[in-house]
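J.: Submitted below is the structure of interest, expressed as structure tokens.
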Amino acid sequence: MTRAAYDRKIVTATRILFLLLAAVVSRAQTSGSAVTLADTQQRTLTSAKIGQQYELLVSLSEDYAKSGQSYPVLYVLDGWHFPLMEFIQQNNIDSKRMRPVIIVNVSHGDTDYMSLRARDFTPTRTRREANSGGAPAFLDFFEHELIPFVDRTWRTVPADRGLLGHSCGGLFAIYALEQRPALFQRIVAASPSLDWDGGLLLIAARDRLRGLSAPVRLDLSVGDDGDNTDSTRAFAKILDQLKPPGLDYRFTVYRGENHNSVRLVSFPAGL
């Protein structure tokens, strides 16, 4: 089974589970109403460069409206992570593990999302995925359209910006680190698909990461029971050999976790 097919299977199973849970809840109510998350907003932004409309799922601190403060921004890839990320942030704040940030989750919506994420998150076009190779344009969208929009719309700290991605999203996070290290000061890459195109980013890392133009903190992780374990270990080994000036990194192998389950332990630690 290909990675894309496996991801589709997982997402489909997750959606079926949520539908079944929703059906059970609806039977227990005489009248149903939509469930909303407090202190959240939804916006849409159409990329002039890509011609794609993206849904922005935004989580603000509970005191955002009154504080007058500016906040760091964490950009998260894949819309299905939004409820989880919102909860993890609040739990970490309550546990005094982190200060509040603005979470901006970039979603492809509900139509053809697997093909669209494969296009946007991969740096080259390969036979593995016909609709691949759009990461350069997606990174341009981040720098020239998305980030300026977010900075205009909410009170942000432009010098404290993070990016979190899993699987192909993690691949894009490492691609962004290699291509534009000054764009994000913090990066979380969980089980990144670094075997893409014959390990292209592993090869590029030896040149791209020898010296960074700006300091970056990287949280790199993988489960020990997954398809991306070997390539992520190989990337971490390259970092250990290079010890890139300006890169403060941590690499964690989570025992007993696979490609998908690793998110439930790596995301809280990454935040």
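The values are calculated or read from the model by the stated rules, or taken from the named source; none is laboratory data. Predicted model, so just to flag it, every value in this text is computed and none were measured. In this analysis, Cβ positions are derived from the backbone assuming ideal geometry, glycine residues included, and neighbour counts consider all displayed protein chains.
J.: Quick check on this structure: which one of Asp140, Asp120 is buried (at least 21 other Cβ atoms within 10 Å of the Cβ), of a type in the set (D, E, K, R) and at negative phi? Write out each step before concluding.
T.: Numbers: Asp140 fails: buried (at least 21 other Cβ atoms within 10 Å of the Cβ).
After ruling out the rest, the residue left standing is Asp120.
J.: Could you list, in sequence order, the residues of the range 53-71 that are farther than 17 Å from Asp94 by Cα, among the hydroxyl-bearing types (Ser, Thr, Tyr) and either free of Cβ contacts under 8 Å to residues at least 60 places away in the same chain or assigned to a loop (DSSP other than H, G, I, E, B) (or both)?
T.: Result: Ser67, Ser70.
J.: Still on this structure, please answer the following. Out of the residues in the range 92-126 meeting the condition of being of a type outside the set (A, V, I, L, M, F, W, C) and in a helix (DSSP H, G or I), tell me which one is farthest from Gly68 (Cα to Cα). Explain how you work it out, then say what you get.
T.: Step one: of the range 92-126, the residues of a type outside the set (A, V, I, L, M, F, W, C) are 92, 94-97, 99-100, 105, 107-113, 115, 117, 119-120, 122-126.
Retained after the next criterion (residues that are in a helix (DSSP H, G or I)): 92, 94, 113, 115, 117, 119-120.
Details: Asn92: 22, Asp94: 21, Tyr113: 36, Ser115: 40, Arg117: 35, Arg119: 38, Asp120: 35 Å.
Among those residues, the one meeting the criterion is Ser115.
J.: Against the condition surrounded by 15 or more Cβ atoms within 10 Å (Cβ to Cβ) and either more than 27 Å from His144 (Cβ to Cβ) or touching an Asp or Glu at 6+ places or on another chain (Cβ under 9 Å) (or both), how does Val265 come out, does it pass?
T.: On the way: surrounded by 15 or more Cβ atoms within 10 Å (Cβ to Cβ): yes; either more than 27 Å from His144 (Cβ to Cβ) or touching an Asp or Glu at 6+ places or on another chain (Cβ under 9 Å) (or both): yes.
It is true that Val265 is surrounded by 15 or more Cβ atoms within 10 Å (Cβ to Cβ) and either more than 27 Å from His144 (Cβ to Cβ) or touching an Asp or Glu at 6+ places or on another chain (Cβ under 9 Å) (or both).
J.: Something else now. Can you find even one residue in the range 94-103 that is of a type outside the set (Val, Ile, Thr), in contact with a Gly (Cβ under 9 Å, 6 or more places away or on another chain) and either over 15 Å from Leu218 (Cα atoms) or not assigned by TED's automatic domain parsing to the domain that holds Ile50 (or both)? Give the steps one after another, and end with the answer.
T.: Residues of the range 94-103 of a type outside the set (Val, Ile, Thr): 94-100.
Add one more test, that the residue is in contact with a Gly (Cβ under 9 Å, 6 or more places away or on another chain), and what stays is none.
No, the range 94-103 contains no residue that is of a type outside the set (Val, Ile, Thr), in contact with a Gly (Cβ under 9 Å, 6 or more places away or on another chain) and either over 15 Å from Leu218 (Cα atoms) or not assigned by TED's automatic domain parsing to the domain that holds Ile50 (or both).
J.: Now, a different point. Which of (1) within 25 Å of Asp248 (Cα to Cα); (2) β-branched (Val, Ile, Thr); (3) exposed (fewer than 15 other Cβ atoms within 10 Å of the Cβ) does Thr111 not meet, given it meets every other one?
T.: Going through the list (1) within 25 Å of Asp248 (Cα to Cα); (2) β-branched (Val, Ile, Thr); (3) exposed (fewer than 15 other Cβ atoms within 10 Å of the Cβ), Thr111 breaks only (1).
Residue by residue, here is whether (1) at pLDDT 50 or above; (2) basic (Lys, Arg); (3) closer than 24 Å to Val157 by Cβ holds:
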site	(1), (2), (3)
Arg3	yes, yes, no
Val11	yes, no, no
Leu21	yes, no, no
Leu37	yes, no, yes
Thr46	yes, no, no
Leu60	yes, no, yes
Leu74	yes, no, yes
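J.: Also: Return yes or no: is Asp230 over 17 Å from the mean Cα position of the chain (by Cα), of a type in the set (D, E, K, R) and surrounded by fewer than 22 Cβ atoms within 10 Å (Cβ to Cβ)?
T.: On the way: over 17 Å from the mean Cα position of the chain (by Cα): yes; of a type in the set (D, E, K, R): yes; surrounded by fewer than 22 Cβ atoms within 10 Å (Cβ to Cβ): yes.
So Asp230 fits the description; yes.
J.: Can you list the helices (runs of 4 or more DSSP H) lying wholly within the range 169-271 that have 2 or more residues being touching a His at 6+ places or on another chain (Cβ under 8 Å)? Lay out the reasoning, then the answer.
T.: Numbers: elements: 196-208, 229-242, 263-270.
The helices (runs of 4 or more DSSP H) meeting that bar are 263-270.
J.: How about the range 152-183: which of its residues are without any contact (Cβ under 8 Å) to a residue 40 or more places away in the chain and under 15 Å from Tyr71 (Cα atoms)?
T.: Arg152, Pro158, Ala159
J.: Also: Please state which of the following conditions Ile50 fails to meet, knowing it meets all the rest: (1) surrounded by fewer than 16 Cβ atoms within 10 Å (Cβ to Cβ); (2) not in a strand (DSSP E or B).
T.: (1)
J.: Sticking with this structure for a sec: Read through the list (1) more than 17 Å from Thr40 (Cα to Cα); (2) of a type outside the set (A, V, I, L, M, F, W, C); (3) in contact (Cβ under 8 Å) with a residue 60 or more places away in the chain, then give the number of the only condition that Arg119 fails.
T.: Result: Arg119 passes all but (3).
J.: Of everything in the range 122-147, what is charged (D, E, K, R) and either within 17 Å of Thr46 (Cα to Cα) or in contact with a Gly (Cβ under 9 Å, 6 or more places away or on another chain) (or both)? Give them in sequence order.
T.: Step one: filter the range 122-147 for residues charged (D, E, K, R), giving 125, 127-129, 140, 143, 145.
Within the range 122-147, Arg125, Asp140, Glu143, Glu145 qualify.
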